[in-house]
Amino acid sequence: MEPNLPSTIRHPKSPHGFTLVELLVVITIIGILIALLLPAVQAAREAARQVQCKNHLKQIALAALTHEQKLGFFPTGGWGTSWVGDPDRGPVLGKAHRQPGSWIYNCLPFLEQEALYLLPSDGMADRITPQQAQGAVIMCQTPLSVLYCPSRRPCVALPYNKNQSPTYNSNKFDVVARSDYAANSGDTGYNGRRGPTSLANGDKGIGFDPWGYYGANPPVLQTGIMYLCSEVKMNDISDGTTNTYFAGEKYLNADHYLTGIDGSDDQSAFAGADIDNHRWTGYNGAISPQPPIQDIPGYTPNYLYSQFGSAHSNGFHMAFCDGSVRIMNYSINLEVHRCLGNRKDGRAIDGKMF
């Protein structure tokens, strides 16, 4: 029997750990890779947000088209900032001017939001009761994701300035739902203020915009699709639905997405016609001096020329009266842009120009 001899097999040494230099090299490489990938990730996220924004506008446009098909006219613009929607006052063809709430409010039943639409109902069209006033508060404080562009801000109720003018058919509120989308009101420039001081005055056409813009009587003066007391029918769009804006993204001061300080973004989405929910492509039938632009920190335009725009760097989404949605370039020819806002100017527009 052979004696036990000491083993001559040598075990390799255990691998040593990373040196500090090696660790720093690895960290540097990882940092470079992250720096290279981050813009691509951010671009992908923004592309996804833009798709979502486009889809929101598409839903709103289809809701308005359903409104027109079922009721005979596009959603009316309402009375002004001192009024919110009232389900007991329409909508009825020939009497759209009786509805004080916004065009967005009038789209609610066709956005599967009929319960929200009905919150201010008290069954009395010619009286404002405590039930209506409190229901209107709940409605105005309820944000809807379909009204918000995800590239701009989250879907939350935003501050309401307590010093704002009174709302006649609602109790007071501290926060409100807003909208990043505005109606095309044409190429005649800003109209719409607080509105009448009572239901009776509103029905008589008293207390509206001093320039005389008032739905059916006196005759319609606005050239867009939705505006103060509007009642635009499909056959009123003589330029064609594929060549006429319906609504789109609105320009905002980028410093005030969440503050409610921007005067063109300080009202409820369900309040009547104003620059919060209406925009124009021109002024008195001429090209607007303020074209559509990307949101800029610190810049608030002259409200007389409130324009379309967005938070996107590559353009702004516009829905057309045929229900299509396109992203428009900020460098669009301004005369083409103006004509797209006018439903009846008779100008032939080459579709390749936008």
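Highest average first, the peptides 243-252, 135-144 ordered by how many other beta carbon atoms sit within 10 Å of their residues are 243-252, 135-144.
In whole percent, and with a 1.4 Å probe on the protein chains, what portion of the accessible area of the stretch 24-131 is carbon and sulfur? Solvent-exposed carbon and sulfur of the stretch 24-131 make up 63 percent of the total.
On full extension, the segment bounded by Asp174 and Gln294 gains 40.3 nm, given 0.36 nm per residue less the C-alpha separation. Placing R0 at 25 angstrom, the Cβ-Cβ distance between Tyr303 and Leu221 gives a FRET efficiency of 0.85 after rounding to 0.05.
Nonpolar atom fraction for the stretch 286-345, defined as the carbon and sulfur part of the 1.4 Å probe accessible area, stands at 54 percent. Using the Cβ-Cβ distance between Val51 and Asp203 with R0 set to 45 Å, the FRET efficiency from 1/(1 + (r/R0)^6) comes to roughly 0.55.
Go through Lys58/Lys250; Lys204/Lys233; Lys54/Lys250; Lys95/Lys233; Lys172/Lys250; Lys70/Lys204 and tell me which ones have a Cα-Cα distance over 19 Å in this structure. In this structure, Lys204/Lys233; Lys172/Lys250; Lys70/Lys204 exceed 19 Å between Cα atoms. Surface analysis of the chain yields an accessible area of 46 Å² per residue, using protein heavy atoms and a 1.4 Å probe. Here each label is just a point 7 Å from Cα along the line to Cβ, and for Arg347 and Asp126 those points are 4.6 nm apart. Full extension of the segment from Glu114 to Cys155, taken as 0.36 nm per residue of separation minus the current Cα-Cα distance, would add 12.8 nm. Inter-label distance, Gln141 to Leu33: 5.0 nm, where each label sits 7 Å from its Cα along the C-beta direction.
The values are calculated or read from the model by the stated rules, or taken from the named source; none is laboratory data. Bear in mind that the values here come from a model prediction, so they are computed numbers and not experimental data. For neighbour counting, all protein chains shown are included, and Cβ atoms are generated from backbone atoms with ideal geometry for every residue, glycine included. Accessible surface areas use protein heavy atoms only, side chains included; no ligands, DNA or RNA. Shrake-Rupley method; radii C 1.70, N 1.55, O 1.52, S 1.80 Å.
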